[in-house]
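Data block below; observations after.
The values are calculated or read from the model by the stated rules, or taken from the named source; none is laboratory data. Just so we're clear, the structure is a prediction, and the values are computed from it rather than from any experiment. Glycine also receives a Cβ, built like all others from the backbone with ideal geometry; neighbour counts cover every protein chain displayed.
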Amino acid sequence: MKRNFVMEPFGESKTMYEAYNEALVELAKENSDIVVLYGDFPRGAVGELFEKEFPDRLVDVGIAEANLITTAAGMAGAGKIAFTHCHGIFAVGRAYNQIRQNVAFDWLNVKIVMCNSGMLWAFMGGSHQIIEDIAALRAIPNLLLISPADQVETRKAVRAITKYEGPVALRLANPPTPTIYTEDLPFELGKAVTVADGDDVTIIATGIMLPDSLQAVDILAGEGVKARLLDMHTIKPIDEEAVLKAARETGAIVTVEDSSVLGGLGGAVAEIVTENRPVPVNRIGVRDRFGQSGTIAELKEEYQLTAGHIAGAVREVIKKK
Amino acid sequence: MAYDEKLIAALKSKAKTLRRDTIEMIKAGGAGWLGGSFSQADIITALMFHHLKHDPGNPKWEERDRLIVSKAHCCETVYAALGEAGYFDKKEYRSYGKFGAVLQAHTERIVPGIEYSGGSLGQGLSFALGEAMAARIGRPTPLYRVFCILGDGECNEGQVWEAVMAAAHYKVDNLVAIIDHNKFQSGSKVEDRINLIPMVEKWQTFGWNAVEIDGHNYTEILTALENADKTPGQPHAIVAHTVKCKGVPAFEHKNLHFCKLTDDMYAEAMAVLG
């Protein structure tokens, strides 16, 4: 089975936040317009660098996410590139209106780094596992929503969103994730990566669910099913062309995300397919429930997010063709 | 502090123009925020036509002082001040609030001279804080000053106090909050809704250099603004006691918050302002 830009076997595991920090440290040294704002959030390598070398470019507003986002908007209004850092649940959950009104409405150059997003912030439980962020944020005009899959893609995404002048939400998962990609991964905002080629069905995955989706591709290959795998790292604007090509060439789609399928990646893909090229779409993701504490493995099993569940959804969707 | 009588007279004349143009805008638009526009008119006038460093010919001049009107529904006097200063043609007033108009029902940054898109209360001070902190980066003295006008009812919003805490913590002394303390909010008197009175002590307790003034007395307004410049190390709050609908005696102290203008009201206003 041909795979593109994928390490065989997967490389070391690393958190997306660590990879994000590695990239931004480099960029911050080159670009004095970069400012970083924290809502009493662990600062990582970027924060340490700024504390030592650029203290006037670092602001920590304390536990006050509304003020965090709007203060960043004010700094962007003055020409800065403002990166905000807090948990995804509180960025979206407590500062939705600030993201909408103060950042996106005026196309301000704020990068909202949503740390520990998604269902798989396992130990923390339902209060902290944001599953509605994709649905909520993709309804906001002007805002880009980026969801990388591993350390390589995270670093490339950070470079791309820094270069891009405008509002961006960057969705980072909590657990260390294996390195999937080789450094020659091409990264273009709004352009899905075809990770595996195939014509029988397409799996469209985002973020931390990519390794499980690759495993599902292998399971299916063993059964003679050639699955295409798209990494939809840019959830908005979604790569419509890649989605429609998948619908046309493979005739069935399974979406995979660690968030709610209601309005999430699954919703976004279904909207495009239904309007332009109706084909069956099965959605893997959280099905209208809150999360809970547990291990990653337990949660993946309970919320039907394993490679086995993905493969099962593929078998079902193929029957509907 | 004594100010030149001619200066005070000129500012009073400007404020009268702003109030008159506000009435014309509300008439053209069909409705508007008369009470809060009139209560802040003298503060806006003092800032725009005396205290602020700005250039209507170059609205994005990097060194300009910023005026963030957090109570952005009271946009009419702000538009009137910008039009009067020459940021755009006054003929735009006629399309205020209409489909396709540049002058929307709440301020938007696309309008030359408008720094902040308001409409969601309680957020402007945070935005002003960000602008003020950006002015300090890499400089021994800030590149510009930031002035933020808030409503008193607006201070119900928790985010105001998040910004108040952060500004005091970082000693952002190029930031001046001016509270248009007209004692009314949308549906009632401030004290009958969630009482914030006494206002000035709250800001002082949070670490701000806070004073209270008569928000319609130019000597007091200008003195407070100048004193803010002379007091380093703290952000500044000016609690301006104002009168809702100030400028047309028949309207004063009434809560004409968001209202339509009847022909009688228009005639009454123009008899004083026209």
Exercise. Could you pull out the residue among A:Val59, A:Val103 that is closer than 27 Å to B:Lys171 by Cα, facing chain B (nearest Cβ under 9 Å) and modelled with pLDDT of 95 or more?
Key: A:Val59
Quiz prompt | Of all residues in region B:99-153 being among the acidic types (Asp, Glu) and more than 13 Å from the chain's Cα centre (by Cα), the one that is nearest to the other protein chains (Cβ to nearest Cβ) | solution = B:Glu131
Quiz prompt | Failed item in (1) more than 7 Å from every other protein chain (Cβ to nearest Cβ); (2) buried (at least 20 other Cβ atoms within 10 Å of the Cβ); (3) within 19 Å of the chain's Cα centre (by Cα); (4) not in a strand (DSSP E or B), with B:Val172 passing the rest | solution = (3)
Quiz item: In region B:203-220, which residues are closer than 18 Å to B:Asp173 by Cα and either out of contact with any Lys or Arg (no Cβ under 9 Å at 6 or more places or on another chain) or part of a loop (DSSP other than H, G, I, E, B) (or both)?
Solution: B:Trp203, B:Gln204, B:Thr205, B:Phe206, B:Gly207, B:Trp208, B:Asn209, B:Val211, B:Glu212
Self-check item: Members of region A:218-241 that are of a type in the set (A, V, I, L, M) and crowded, with 16+ Cβ neighbours inside 10 Å
Solution: A:Ile219, A:Leu220, A:Val225, A:Ala227, A:Leu229, A:Leu230, A:Met232, A:Ile235, A:Ile238
Exercise. Tell me, please, whether a residue that is assigned to a loop (DSSP other than H, G, I, E, B), without any contact (Cβ under 8 Å) to a residue 24 or more places away in the chain and within 14 Å of another protein chain (Cβ to nearest Cβ) can be found in region A:64-86.
Key: yes
Quiz prompt | Condition broken by A:Ala95, with the remaining ones in (1) more than 13 Å from chain B (Cβ to nearest Cβ); (2) in contact with an Asp or Glu (Cβ under 6 Å, 6 or more places away or on another chain) satisfied | solution = (1)
Quiz item: Which ones in region A:177-208 are of a type outside the set (A, V, I, L, M), over 14 Å from the mean Cα position of the chain (by Cα) and under 17 Å from A:Phe10 (Cβ atoms)?
Solution: A:Pro178, A:Thr179, A:Tyr181, A:Thr182, A:Glu183, A:Asp184
Exercise. Could you tell me whether region A:135-157 includes any residue that is more than 18 Å from the chain's Cα centre (by Cα) and either β-branched (Val, Ile, Thr) or in a helix (DSSP H, G or I) (or both)?
Key: no
Self-check item: Residues located in region B:53-100, provided they are in a loop (DSSP other than H, G, I, E, B) and of a type in the set (S, T, N, Q)
Solution: B:Asn58, B:Ser70
Quiz item: Could you say whether any residue in region A:188-200 is assigned to a helix (DSSP H, G or I) and either farther than 24 Å from A:Ser117 by Cβ or not polar (S, T, N, Q) (or both)?
Solution: no
Quiz item: Among the numbered criteria (1) under 28 Å from A:Leu214 (Cβ atoms); (2) assigned to a helix (DSSP H, G or I), which single criterion is violated by A:Glu12?
Solution: (2)
Practice problem: Report yes if A:Val92 is surrounded by 23 or more Cβ atoms within 10 Å (Cβ to Cβ) and assigned to a strand (DSSP E or B), otherwise no. | Solution: no
Quiz item: Would you say B:Ala132 is of a type in the set (Gly, Ala, Ser), within 23 Å of B:Glu226 (Cβ to Cβ) and either touching a residue at least 24 places away in the same chain (Cβ under 8 Å) or part of a helix (DSSP H, G or I) (or both)?
Solution: yes
Quiz item: Can we say B:Glu201 is under 22 Å from B:Ala41 (Cβ atoms) and among the acidic types (Asp, Glu)?
Solution: no
Self-check item: Which listed residue, of A:Ala139, A:Ala149, A:Ala122, is touching an Asp or Glu at 6+ places or on another chain (Cβ under 8 Å), surrounded by fewer than 24 Cβ atoms within 10 Å (Cβ to Cβ) and either farther than 17 Å from A:Ala66 by Cβ or not small (Gly, Ala, Ser) (or both)
Solution: A:Ala122
